[in-house]
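Trainee: Below are the structure tokens for one structure; questions will follow.
What follows draws every value from the coordinates through simple rules; no lab data is involved. Since this is a predicted model, take the numbers as computed values, not measurements. Cβ: placed from backbone, ideal geometry, glycine included. Neighbour counts: every protein chain shown.
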Amino acid sequence: MPKSSHVLLGVCGGIAAYKSAELVREFQRRGAEVRVIMTRAAQEFVRPLTFASLTGHKVFTSLWDTSGGHDAAVIEHIAEAQWADVLVIAPATAHTIAKLAHGLADDFLSAAYLATTAPLVLAPAMNVNMLNHAATRANLLVLEQRGHRIVSPGSGYLACGMTGDGRLADTEAIVRASLEQANPPSDLAGETVLITAGGTREPIDPVRFLGNRSSGRMGYALAAAAERRGARVILISATTALTPPARCEFLPVETAEDMHAAVLYRLPEATVVIKAAAVADFRVRQVASTKLHRDGPLTLELEPTEDIVRSVAEHRRSGTLVIAFAAEMGMDTARAREKLRGKGADAIVLNDISREGIGFDSDRNAAVFLTDEAEVHLGESSKEEIASRILDQVPALRTHHLLAQ
Ligand SMILES: Cc1cc2nc3c(=O)[nH]c(=O)nc-3n(C[C@H](O)[C@H](O)[C@H](O)COP(=O)(O)O)c2cc1C
């Protein structure tokens, strides 16, 4: 029987601390063994007894705890750090995030963080202004660049009465990300996944362009997830504010034409192509060579850009899978399937961009994965979670493709 994953769960002092009890149950339902560390502030919200009862194990609350007849020869935070296959901090407060980013170690949780070699998964939860504060953003970036997995908070009504980002991510997304870190799947080992991301910019004059609202987050989440699952990743990205995953091969581009050229250039190496970029459908026919002045009305003549997916489908090697994206107002699966057939792709991910808080320029998405015969509802979740669910479909798509040949 495979060894159950050892999950060391850190609970910090935020309102969402009560949701950590649900997390423990879900980890256990998936066969993991859980032990809990609580910060001093977390104990203001939930009593350690809750977690002790759920886990059947002592809850770690202090570096200096000598009660309970524990063996003085065992330094508990070191022992627990070594026991863990993954350290999960959920909810992660702004305070603890800051401590981890700076390497402070004045309590059990922060000391265990420094002492463990296990991967770290962080699920931040806090007031929207705390989350968006430059200090918190910078600390999260440091932790992300250190290779830790951040499960993005969701958006909605917060306990503080405000609405916005800062809600603890779904239990499902946290558990999945954590177990993935504890036992990284390698189902994409041997694949070279070419991913496009971001929104292209079509110049009007030397300082202006036609653009779109794509943030690039979906494509970057796919690149990070594919890399974790053992794939070699080529990320071709239009301008975004994001940092590409550490190990991927990164090609920055600007226009639809640049992206088309870059994709065709790297296509011979790809075994899977995922077209998550929002590529302009039109470009300005005559780009002005000097800055246009407001001398009266201006008419721009537009011409269609290249259809990159169709071009990829035509030029790919046999066996290369092509997954396209369709951003639609509503979940019109019939229209998306028409697009799938028209472009010669193997699958299409249909996103609903008509709803507030999901799709373009958001951390969340809602999608359906469509092939000629199948329709898999991926649900609504963080873009990281949707990325994992899309990649879950690749092995089955590969098998289907082989059988059809
Ligand atoms: C009622 C209340 C709710 C709080 N909720 C949060 C929260 O959701 N997220 C957060 O980062 N801090 C929150 N805080 C502030 C933290 O509790 C505080 O920064 C504390 O020092 C965190 O300590 P810890 O990171 O060691 O758990 C809250 C404080 C109070 C009084």
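Trainee: Quick one: longest stretch of the chain between exposed loop GluC sites (Glu not before Pro), exposed meaning at most 13 other C-beta atoms within 10 Å and loop per DSSP?
Mentor: 1-300
Trainee: Moving on to the next point. Calculate one ³J(HN,Hα) per residue across the stretch 131-138 by plugging θ = phi - 60° into the Karplus curve 6.51 cos²θ - 1.76 cosθ + 1.60, and present them in order as whole Hz with x for glycine and proline.
Mentor: 5, 7, 4, 4, 5, 5, 4, 5
Trainee: If you plug each phi of the stretch 158-173 into the Karplus form 6.51 cos²θ - 1.76 cosθ + 1.60 with θ = phi - 60°, what whole-Hz ³J(HN,Hα) values come out, in order, with x for Gly and Pro?
Mentor: My calculation for the stretch 158-173 gives 9, 4, 6, x, 8, 10, x, 6, x, 6, 4, 4, 4, 3, 4, 5 Hz in order.
Trainee: Figure the gain on full extension for LYS291 and ALA79 (residue separation times 0.36 nm, minus the Cα-Cα span) and round it to one decimal in nm.
Mentor: In short, 69.9 nm is gained.
Trainee: Sticking with this one: Once the piece of chain linking ARG30 and HIS57 is laid out straight, how much longer is it, given 0.36 nm per residue of separation minus the C-alpha distance between them?
Mentor: Taking ARG30 through HIS57 to full extension adds about 7.9 nm, to one decimal.
Trainee: Once the convex hull of the C-alpha atoms of the stretch 80-190 is built, how many Å³ does it hold per residue, rounded to a whole number?
Mentor: Roughly 116 Å³ of hull volume per residue.
Trainee: To continue, here is another question. Please find, in a Gaussian network model of the chain (springs between Cα atoms separated by less than 10 Å), the residue of PRO206, PRO395, PRO153 whose mean-square fluctuation is greatest.
Mentor: Fluctuation is largest for PRO206.
Trainee: Counting pairs of alpha carbon atoms under 8 Å apart in space and at least six apart in sequence, what relative contact order in percent does the chain give?
Mentor: Averaging sequence separation for qualifying contacts and normalising by length gives 11 percent for the chain.
Trainee: To test your reading of the geometry: what angle, between 0 and 90 degrees and rounded to tens, separates the Cα axis of helix 333-343 from the longest principal axis of the chain?
Mentor: 60
Trainee: Can you give the angle from 0 to 90° between the axis of helix 256-266 and the longest principal axis of the chain, with both taken from C-alpha atoms, to the nearest 10?
Mentor: Long axis of 256-266 versus the principal axis of the chain: about 70 degrees.
Trainee: Of the candidates VAL287, VAL273, VAL368, which one comes out as most mobile in a Gaussian network treatment of the chain with C-alpha springs shorter than 10 Å?
Mentor: In this elastic network of the chain, the residue with the biggest mean-square fluctuation among VAL287, VAL273, VAL368 is VAL287.
Trainee: Given 0.36 nm per residue, what is the gain on full extension from SER4 to ARG47 after removing their alpha carbon distance, in nm?
Mentor: 12.8 nm
Trainee: Quick check on the stretch 250-347: take the gyration tensor over C-alpha atoms, sort the square-rooted eigenvalues as a ≥ b ≥ c, and tell me if it's rounded (a/c under 1.5), prolate or oblate.
Mentor: Oblate is the answer for the stretch 250-347, as a/c is 1.5 or above yet b/c matches or exceeds a/b.
Trainee: Are there any chymotrypsin sites (Phe, Trp or Tyr not before Pro) in the stretch 13-93 that are in a DSSP loop and have at most 13 other Cβ atoms within 10 Å? List them by number.
Mentor: TRP64
Trainee: Out of residues 5 or more away from ARG47 or on other chains, whose amide H comes under 5 Å of its own, with H placed 1.01 Å from N in the peptide plane?
Mentor: Excluding prolines and chain starts, which carry no amide H, there are no hits.
Trainee: Also: Specify, per residue and in Å³, the volume enclosed by the convex hull of the alpha carbon atoms belonging to the chain.
Mentor: 165
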